[in-house]
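The values are calculated or read from the model by the stated rules, or taken from the named source; none is laboratory data. Source: prediction; values computed, not measured. Here the Cβ positions follow ideal geometry from the backbone for every residue, glycine too, while neighbour counts run over all protein chains shown.
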Amino acid sequence: MTPGKISQRVVADRLAWVERMLGEIRSLPLADREAFFADRRNLWAAESCLRRALEALLDLGRHILAKGFGVGVTEYREIAAALGERDVLSPDEVALLRTLAGYRNRLVHFYHEVSPEELYEICRQRLSDVEEIAAAYRRWLGEHPEWLNERL
């Protein structure tokens, strides 16, 4: 793969998708456990939006690696390490993104092991983890505007 410019359109689209999905989760009655579980659709909405937010976050990391560095990765968990090796993410952010990638994989491949209670608690207490990685991408891209293809 040959390095090139990171698409500003892809960056904006993926980050907007993450924000939209987190907003959808936050619109659920997370402050009231009984209300949340009273309507089973809340659980399915939370799962879908969380998985999509994680996938958008990971897809953006893969895009940065492919376009900016000419590096291809096949597994979501590899994205974090590769971004860390190139100083896009700090060691703490690498660890966090690896955890998020692992959770995405659980949602997709081991969905039957993710309890409704676990999903509820993650949506209540851990959405800031997703925001932290999105902010790290924004920070790095802001520090390296020369890597961006500004054409939309």
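Surrounded by fewer than 13 Cβ atoms within 10 Å (Cβ to Cβ) and of a type in the set (S, T, N, Q), is that true of S27?
It is true that S27 is surrounded by fewer than 13 Cβ atoms within 10 Å (Cβ to Cβ) and of a type in the set (S, T, N, Q).
From the list L30, L65, L22, L58, which one is touching a helix residue (DSSP H, G or I) at 6+ places or on another chain (Cβ under 6 Å), closer than 21 Å to E146 by Cα and at pLDDT 95 or above?
The conditions single out L65.
Select from segment 6-40 the residues that are hydrophobic (A, V, I, L, M, F, W, C) and not in a helix (DSSP H, G or I) and write down the one among them that is nearest to L65 (Cα to Cα).
The selected residue is I6.
For segment 41-152, give me every one of the helices (runs of 4 or more DSSP H) that falls completely inside it and has 2 or more residues that are closer than 16 Å to V11 by Cα and in contact (Cβ under 8 Å) with a residue 24 or more places away in the chain.
127-143
Residues checked against (1) modelled with pLDDT of 95 or more; (2) closer than 24 Å to V94 by Cβ; (3) surrounded by fewer than 11 Cβ atoms within 10 Å (Cβ to Cβ); (4) hydroxyl-bearing (S, T, Y):
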site: V114; (1), (2), (3), (4): no, yes, no, no
site: I122; (1), (2), (3), (4): yes, yes, no, no
site: R126; (1), (2), (3), (4): yes, yes, no, no
site: D129; (1), (2), (3), (4): yes, yes, no, no
site: A135; (1), (2), (3), (4): yes, yes, no, no
site: W140; (1), (2), (3), (4): yes, yes, no, no
site: E146; (1), (2), (3), (4): no, yes, yes, no
